[in-house]
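Okay, so here's the structure we're looking at.
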Amino acid sequence: MIKQIPIDKLEPGMFVHDFNHDWKNPCCQDKDPNAFKGSRFIRSDDEVRAIIAHGIVSLYIDSEKGKDIETAKSVKEIEAELEAQMLALDEDDDIRQPREEVHFNDEVNKASQAKDHARQLVGNILTDSRLGKQVTLAPVTEAVTQMAESMFRNPDAILSLSLIKKRDEYTFMHSVNVGVFLMSFCRSLDMDEKKIISVGIGGMLHDIGKMHTPEAILNKAGKLTDDEYAIMQEHVVFSRKILEDTPGIEKVSVQVAAQHHERFDGSGYPLGLKGDGINIFGQMAAIVDVYDAITSDRCYHKGNPPNLALKRMLDWSKNHFNADLFQQFIQCVGIYPMGTLVRLKNDLIGVVIRPNQGNLLHPVIKVVLNAKSKKKVKPTEIDLLAFKDKKVTNTKQDFSIVGAEPNTKWGIDTAKYMNAPQLYK
């Protein structure tokens, strides 16, 4: 049985099923010489001490392959608790209320153009930075403003495009996605437009310091040495210095870049800041940076589905993120974020294409499969909120969500159903 245990219960003779620490360095974990990944049998106290030193606070053991702790909760129990915590957020009075917006389908093309422009701009800026050129703020502000304006017209349109993640463009798209998620996060907290744009600029440029990491280290195949990994971590310091030297940059933009690898329990870098010693925008950036990274496919791992990513981060938020702020992030992206595959009680399988703000348990989905017959159906958009209060006389009429489904189980590429066909030409 797979069980979760606190790190102080780990001992030789146990079999670690999952080290439960994708939060550590999701963008470069494969290069961390001390990273603990996969599964292994623990043979010595030295191994235990090394795992503790890495900052891991809880992990999963397989009781059938090693020593057991009878009182430890099973992974199913943990999953059920996390699911209950997420579902309880739908009852929170602080969930943002629906606003008058442009229809999703009317905005998605404009959102795509704004985001594509931002991606190209990020590529140019990162290239120029590697050549030692100073960042010119005006075009960045213009690009971020265009994305912000699209978000204000309809936030779901531009967020839906964050599901389109190509491995060969990860560096560029991650920067843009962090900017977009941060702006949406700020908007959900009712921040003013000027602040939202400043935070978006910081998000879009948060990794610019990587262009000053030696290419031999940045592009090295396999693990880095301890010294090389320390140099890799310095990209945060470079990002801060570059932005501080950018004429006209707002302080909040610099804080986003300087603190996005800090962690609430003090286990982050470069300064090991803790709790409220981390600026609120640094705390938000840490959440968004990890969320986008662990939902992205990389050469060394398959991205987590959005709903599963939120569950894992909710677990980690007990230590590594501001728990209250993370719950607000869930309210921002939805309990079932766009791109989540869900199963209904009538056995239909659908892709969440946008949330219903103010009612997180009843998103808009696109039905694509019948789980009972295992046959694809004509993709049909259904607003589950329309069925919320309807009387159900048989199972076929029950459109309530049973839960999220793993994409791999059904072989469905959820991004292809996100109402953005121009992206697949």
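Values in this text are rule-based calculations from the coordinates and carry no lab data. In this text the structure is predicted, and so the values were computed from the model without any measurement. With ideal geometry, Cβ positions are generated from the backbone for all residues, glycine too; neighbour counts draw on all protein chains shown.
Quick notes on this one:
- Added length on full extension, which subtracts the Cα-Cα distance from 0.36 nm per residue, Thr395 to Phe41: 122.8 nm
- Other-chain or far-sequence residues with amide H under 5 Å of His21's (modelled H): none
- Estimated dipole of the chain in Debye, rounded to 20 [Cβ of Lys and Arg +1, of Asp and Glu -1, Cα centre]: 1520 debye
- When all alpha carbon pairs of segment 95-238 are counted in 10 Å bins from zero, the resulting P(r) reads 11, 38, 31, 15, 5, 0 %.
- Amide H to amide H distances under 5 Å link Val368 with Ile349, Gly350, Val351, where only residues 5 or more positions off or on other chains count and H is placed in the peptide plane.
- Segment 341-424: projected area of the alpha-carbon convex hull, averaged over directions, in nm²: 5.8 nm²
- Helical mean residue ellipticity (222 nm; -39500 (n - 2.57) per DSSP H run of 4+; nearest 500) of the chain: -13000 deg cm²/dmol
- Compactness of segment 255-347 - radius of gyration and Dmax, Cα, Å: 14.3, 52
- Kyte-Doolittle at least 1.0, axis length at least 18 Å by Cα - qualifying DSSP helices, the chain: 280-294
- Peptide packing for 396-407, 316-327 was compared via the average number of neighbouring C-beta atoms within 10 Å per residue; ordered from the highest value, the list is 316-327, 396-407.
- Relative protection proxy for 174-183, 228-237, 37-46, from highest mean packing down: 174-183, 228-237, 37-46 (other beta-carbon atoms within 10 angstrom).
- Going by neighbour counts of Cβ atoms within 10 Å, the residues Phe36, Phe152 line up, fewest first, as Phe152, Phe36.
- Estimated D of segment 166-240 in µm² per second, where Rh is the Kirkwood radius over Cα pairs and Stokes-Einstein applies at 37 °C, 0.692 mPa s: 239 µm²/s
- Estimated at 0.36 nm per residue, the fully extended path between Ile69 and Asn109 surpasses their Cα-Cα distance by 9.0 nm.
- Put simply, when 378-390, 134-146, 302-314 are sorted by average Cβ atoms within 10 angstrom per residue, most first, you get 302-314, 134-146, 378-390.
- Just so you know, the Cα atoms of the chain work out to an Rg and Dmax of 21.7, 68 Å.
- Convex hull volume per residue, computed on the Cα atoms of segment 104-333, equals 119 Å³.
- Amide hydrogen neighbours beyond the local backbone of Gly403, cut-off 5 Å, H modeled: Arg343
- In this simple spin-label approximation, Thr380 and Lys302 carry label points 7 Å from Cα along the Cα→Cβ vector, and these lie 3.0 nm apart.
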